[in-house]
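The values are calculated or read from the model by the stated rules, or taken from the named source; none is laboratory data. Computed from a predicted structure; not experimentally measured. Backbone-built Cβ (ideal geometry, glycine too); neighbour counts: all protein chains shown.
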Amino acid sequence: MVKIILLTGFLGSGKTTMMQSLIASYSDEKIGLIINEFGEINIDGKLVSKDGIDMAELTNGSIFCACIQDKFVESLIEMSKKDIDYLFVESSGLADPSNMDEIVRGIKGETGDKLQLQGSICIVDALNFIDLMDIMISITRQIEHANAIIVNKMDLVEDDSLEEIKKEIEKINPYAAVYPTTYCSLDIKKMVSAFVESHSKSTETTNTYETRPYTFIIRADEVLDYDNLNIFIKNLAKDTYRIKGFANTNKGPVEVSSVLENVIIETWDDEVTSTEIVAISKVGVKLMSEIIKQSNEFLEGKVKI
């Protein structure tokens, strides 16, 4: 039997860090991965890929939306045929997993009892949760359908913020255990073994073609100036939910990451021959003109969309 553990969490909450910890914690087991990215390129796949692990990468939409749900179903069926013990599914940050149970039940004719949904772990971003929970329904749906909830990035907030966050989480899901963490550091196997039964019912997902936010891929073949790239990303961040990717700069390869207006640009050890950065817009198609404007001003117009 293949046990499925679903990993949810809003954009930039720490899902990739958690996935890396999951893989390390279950290194003595045979593991399969399904990594879902909302954009058309897979950044997280580069961050979690390991030799000897079967991995499927699903991009350009949510696995719970009709836009790529058929590919998700195909990947689940394919994984059920492999010699693995656990299947870790990392959904996109905008995912509404309300129909996950229904999807797994719907393929029993193909998989029999080979797949078992063990539970869902939701990562909550302590820094941005209160500001976002009322405007992003996907956040509340992720919490509602979770068996365990990790409140991550506690090092970035005051201690009294945790109580407010816990109260809001309890209103949405009073049953799941809540684990405050920094960098998703906790005893993962102990948490999974203590999964509480989910009391949420499988419902229709809010992930549809109509609710998809605009996503842009920022590309550049030429080497970019590091300092000007920093300004470029910071100026775009105010109009985005999430920016992430890799860039080739005059100071070497870097990983680019932002959640709302919190921007981090760090050295990346692997080779980066060209720049590819995903930006998920808060302002719809208007972000395109802003990307062009900022590129012309700070990056000599080297960026392509």
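Of everything in segment 191-219 that's more than 30 Å from residue 292 (Cα to Cα) and without any contact (Cβ under 8 Å) to a residue 40 or more places away in the chain, which residue is surrounded by the fewest Cβ atoms within 10 Å (Cβ to Cβ)?
193
Among 102, 163, which is under 22 Å from residue 4 (Cβ atoms), among the charged types (D, E, K, R) and either outside the structural domain of residue 60 (by TED's automatic domain parsing) or more than 19 Å from the chain's Cα centre (by Cα) (or both)?
102
From the list 208, 203, exactly one residue is in contact with a helix residue (DSSP H, G or I) (Cβ under 9 Å, 6 or more places away or on another chain), modelled with pLDDT under 90 and either under 30 Å from residue 174 (Cα atoms) or part of a strand (DSSP E or B) (or both). Which is it?
Numbers: 208 fails: in contact with a helix residue (DSSP H, G or I) (Cβ under 9 Å, 6 or more places away or on another chain).
Result of the check over 208, 203: 203.
At least 1 residues that are crowded, with 19+ Cβ neighbours inside 10 Å, of a type in the set (A, V, I, L, M, F, W, C) and in contact with a Leu (Cβ under 6 Å, 6 or more places away or on another chain) in each: list the strands (runs of 3 or more DSSP E) lying fully within segment 88-190 that qualify. Walk me through it before giving the result.
Working: elements: 115-125, 148-152, 177-180.
Output list reads 115-125.
Going by the structure shown, is residue 52 part of a loop (DSSP other than H, G, I, E, B), over 15 Å from the mean Cα position of the chain (by Cα) and not hydrophobic (A, V, I, L, M, F, W, C)? Walk me through it before giving the result.
Details: part of a loop (DSSP other than H, G, I, E, B): yes; over 15 Å from the mean Cα position of the chain (by Cα): yes; not hydrophobic (A, V, I, L, M, F, W, C): yes.
For residue 52, the condition - part of a loop (DSSP other than H, G, I, E, B), over 15 Å from the mean Cα position of the chain (by Cα) and not hydrophobic (A, V, I, L, M, F, W, C) - is met.
Select from segment 230-264 the residues that are buried (at least 19 other Cβ atoms within 10 Å of the Cβ) and either hydrophobic (A, V, I, L, M, F, W, C) or assigned by TED's automatic domain parsing to the domain that holds residue 14 (or both) and list them in ascending order.
232, 233, 236, 237, 243, 246, 247, 254, 256, 259, 260
Those residues that are touching a strand residue (DSSP E or B) at 6+ places or on another chain (Cβ under 8 Å) and not polar (S, T, N, Q), I need them from segment 176-193; list them, please.
Across segment 176-193, the qualifying residues are 176, 177, 178, 179, 180, 183, 184, 186, 191, 192.
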